[in-house]
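Let me begin by presenting the structure, written as C-alpha cells, before commenting on it.
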Amino acid sequence: MSNTPTGQTARLVISWTLVAVLLGYGIIQTLITAAKLFTS
C-alpha cells in the first residue's frame, strides 16, 4: 500500500464508512420489507 497523507486516508475511511452505512441501511430496509410481505 502506498504512503498516503493523513488527510487522504481519513477521507478514504469516511467515504468507505458512508458506503457501508448506506449499504447496511438498504439491506435492513429490504429485510424489513421482506418480513412484512412474508408475515402479512
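Bear in mind these aren't lab numbers, they're just calculated from the coordinates by the rules spelled out. Because the structure is a prediction, the values reported are computed rather than measured.
Considering every Cα-Cα pair within the chain, what fraction, in whole percent, is farther apart than 15 Å?
59 percent
How much length, in nm to one decimal, is gained on full extension between L37 and W16, taken as 0.36 nm per residue of separation minus their Cα-Cα distance?
Values: separation 21, 0.36 × 21 = 7.56 nm, distance 3.14 nm.
In short, 4.4 nm is gained.
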